[in-house]
1. Over chain B, average the accessible area per residue using a 1.4 Å probe and give it in Å², no decimals.
2. Given a 1.4 angstrom probe, I'd like the percentage of the accessible area of chain C that is carbon and sulfur, rounded to a whole number.
3. So which of B:K65/C:K4; A:K4/A:K65; A:K65/C:K65 end up more than 28 Å apart, counting from Cα to Cα?
4. List every residue whose amide H lies under 5 Å from the amide H of B:I28, counting only residues 5 or more places away in sequence or on a different chain, with H placed 1.01 Å from N in the peptide plane.
5. Per residue and in Å³, how big is the convex hull formed by the alpha-carbon atoms of region A:4-134?
6. Among C:I28, C:S10, C:A40, which residue has its Cα positioned farthest towards the positive end of the charge dipole of region C:1-62, with +1 placed on the Cβ of Lys and Arg, -1 on the Cβ of Asp and Glu, and the dipole taken about the Cα centre?
7. Check B:R114: other-chain or 5+ apart residues with amide H under 5 Å from its amide H, H built from backbone geometry?
8. Counting other Cβ atoms within 10 Å, which GluC sites (Glu not before Pro) in region C:30-136 have at most 16 and lie in a DSSP loop?
Amino acid sequence: MTEKTALTPSTHTTPPARFSHGVRKGNILQVAGQVGFLPAEEGRPPTPAGPTLREQTLQTLANVKAILEEGGASWDDVVMIRVYLTDVAHFAELNDIYDAYFEAQALTQPPAARTTVYVGLPAGLLVEIDALAVLG
Amino acid sequence: MTEKTALTPSTHTTPPARFSHGVRKGNILQVAGQVGFLPAEEGRPPTPAGPTLREQTLQTLANVKAILEEGGASWDDVVMIRVYLTDVAHFAELNDIYDAYFEAQALTQPPAARTTVYVGLPAGLLVEIDALAVLG
Amino acid sequence: MTEKTALTPSTHTTPPARFSHGVRKGNILQVAGQVGFLPAEEGRPPTPAGPTLREQTLQTLANVKAILEEGGASWDDVVMIRVYLTDVAHFAELNDIYDAYFEAQALTQPPAARTTVYVGLPAGLLVEIDALAVLG
């Protein structure tokens, strides 16, 4: 049986329930829904990077990337990114932030597919992102 | 060509449209969005296990599990669980139910990744869950 | 390393951000969230097929299919379809449209699994659909 490995970057806060921040099984790597929490600090509850969409999106993408790297993957391996926003009015700004971020990542492969929908999120959170990667 | 197999536990109500409760193709098993409907009974329309989040979540997880098992998989094979709630206020209770459920499942592998978002669902339904598993 | 290929049907409008309409890596093909935009025309902004759920759903499904075919896949390879609607009241009509569409596709394999949830979408759009396929 192929082992399923939990991917838990040291920077990450403990999940609020019995799930993994990411898992890898064989060549499939799934990143759980990430939000814009800053790197974990002992004794501090999970804290968003800031109130703005920009701060939260950049931190969220950094959190996704940390999990990919923990599993031996990179953005180049990602086939799907799911973006959950809370407000349709954030779409254009999200795209600006997203494009600049990925331009700076210097991908060597085509960008992932993406679905963006507008949902409810816990108070104070403006964006949640998860990702599916295929390695190898 | 690898065959795609529909996974249809005998306990399940007929899907309301032309989709499968679960499918397996090769080592990939996808469970469709499940809700808290009780096992099907001839002549009875789909009926939630109860009005509460607890009743519906436990029935939903049982429904997901039945599909996994129909496809020769178990919770240990699941890499991603998507939880759709209707109310942010349900998050803490969902986590309590979720944790107790998975503690009782005696997993031998790390728990799956998870994304939880808050959406609309048909009247009377408080939770919907789907899952992606990688076998082998 | 297995190459990741972007799937970009000539009929499609340019994505509004740095993502691909679809990607294939190895035997996994992921279609990004599609909406009911008509085939791209030089100088015309993305334009929905019409204001109704029927027009948009049929165009959306055609858009998903074009990406599948661009990647050498068909509906028979699809294991999961995610349907995002904006209004619970559209569920029955969506199912009617969906069933008639897939009946006409003459699938030789069981239908894909599906999750349907109700979210916000940009103004004027009533439905968004993405899909995961496993080839081979």
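The values are calculated or read from the model by the stated rules, or taken from the named source; none is laboratory data. Because the structure is a prediction, the values reported are computed rather than measured. Because the Cβ atoms are built from the backbone with ideal geometry, glycine has one as well, and the counts that use them run over all protein chains shown. The accessibility values were calculated without ligands, DNA or RNA, using every heavy atom of the protein model including side chains. Shrake-Rupley method; radii C 1.70, N 1.55, O 1.52, S 1.80 Å.
1. For chain B, the solvent-accessible area averages 38 Å² per residue.
2. Carbon and sulfur: 53 percent of the exposed surface of chain C.
3. From the list (B:K65/C:K4; A:K4/A:K65; A:K65/C:K65), the Cα-Cα distance tops 28 Å for B:K65/C:K4; A:K65/C:K65.
4. Here B:L135 satisfy the definition.
5. Here the figure is 106 Å³ per residue.
6. So the residue we want is C:I28.
7. Here A:S20, A:A32, A:G33, B:I81 satisfy the definition.
8. C:E41, C:E42
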